[in-house]
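Bear in mind these aren't lab numbers, they're just calculated from the coordinates by the rules spelled out. Every value quoted in this text rests on a predicted model; they were computed, and no experiment measured them. Counting neighbours? That spans all protein chains shown, and the Cβs are built from the backbone with ideal geometry, glycine included.
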Amino acid sequence: MAFNPRNRTMAQTAGRVGTNADIDVGLRSYMLNVYNYMALGVAFTGIVAMVVALNPAIMQAVALGPMKWVLFAGILGLGFFSGKIMFGASPAMAQGAFWLYAAMWGALMAPMFMAYTGESIVRVFFITAAAFGGTSLYGYTTKKDLTTMGRFLSMATIGILVAVVVNLFMQSAMFHLFLSVVVVLVFAGLTAYETQNIKEAYYEGDTGDLQNRKAIFGAFILYGSFVTMFIWMLSLFGSRE
């Protein structure tokens, strides 16, 4: 998803307003807010996944029934309309959309808590966190414009979605393995691109409400990339029960 509530010209203008030190302090606070929201979303997802995994009726509905498709459609829908919700709706709806997104991911991921060993889930989580942290740091610090790469990778996600649906019918283990590698690489690149966009969306003159909405939206985007990377890395490196 593209993050561009304000263009780069405004971000550059902010660099000429006030001292660089003041802007750096504000930027660090803004980015910390983004990462805090994201971390809380990931933690909430884990809690929801555990609750669902411990409830046999809900677990069966998600794993074997149509609920997984409802959750999948809900996640795609929220992802598609996230920008309009975050910046066009009330602050309460913006917050609610983020937590609903995290909750739906948690419910959808619950069967994994039963399919994979707890040890491998923890191990893959830290592997994902390290990979995510490295690519996000690159996006934050690089002077290179990642727009072209990001747009290409964003388009690639459409092809990935089609490939996932196709493989639901093919049930090819080799294709799934190949797809897992591609998804991890694509979303690692997207993480760098998204982080750069989130950083450049910062504007010193933003009001508290607008800056908070930007932080929630940034967390929403990075959260989606992190969870996607985790799921597919689990299929690569996880140990099944």
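Among 211-217, 37-43, the peptide with the highest mean count of other Cβ atoms within 10 Å heads the list, and the full ranking is 211-217, 37-43. For the listed peptides 169-178, 114-123, 95-104, a ranking on the average number of other beta carbons within 10 Å per residue, highest first, reads 95-104, 114-123, 169-178. Segment V181..V164, full-extension length gain: 4.8 nm, with 0.36 nm per residue of separation and the alpha-carbon distance subtracted. Dipole size of segment 11-237 about its Cα centre, with +1 on Lys/Arg Cβ and -1 on Asp/Glu Cβ: approximately 240 debye, rounded to the nearest 20.
The helix-based estimate of mean residue ellipticity at 222 nm for the chain, built from -39,500 (n - 2.57) per DSSP H run of four or more residues and divided by its residue count, is -30000 deg cm²/dmol to the nearest 500.
Using equal-weight Cα scatterers in the Debye expression, the normalised intensity of segment 59-202 in log10 at q = 0.14, 0.19 Å⁻¹ is -0.90, -1.56. The ranking of T135, T207, T45, T142 from fewest to most other beta carbons within 10 Å of each one's beta carbon is T207, T142, T135, T45. Taking Cα centre as origin and charging only the Cβ of basic (Lys, Arg, +1) and acidic (Asp, Glu, -1) residues, the dipole magnitude of segment 18-145 rounds to 180 debye.
One decimal place: the segment F80-L54 gains 6.3 nm when fully extended, by the rule 0.36 nm per residue minus the C-alpha distance. Averaging the sequence gap over all C-alpha pairs within less than 8 Å and six or more residues apart, then dividing by the number of residues, gives the chain a relative contact order of 36 percent.
The Kirkwood hydrodynamic radius of segment 65-114, based on inverse pair distances between different Cα atoms, is 11.5 Å. Lys and Arg at +1, Asp and Glu at -1: add these up for the other residues within a Cβ distance under 9 Å of M86 and post the number. Surrounding charge for M86 is +3.
Under 5 Å between amide hydrogens, built in the peptide plane, is the criterion, and for Y116 it picks out E241 among residues at least 5 positions away or on other chains. Here the calculated FRET efficiency for K144 and M174, from their Cβ-Cβ distance with R0 = 41 Å, stands at 0.75, rounded to the nearest 0.05.
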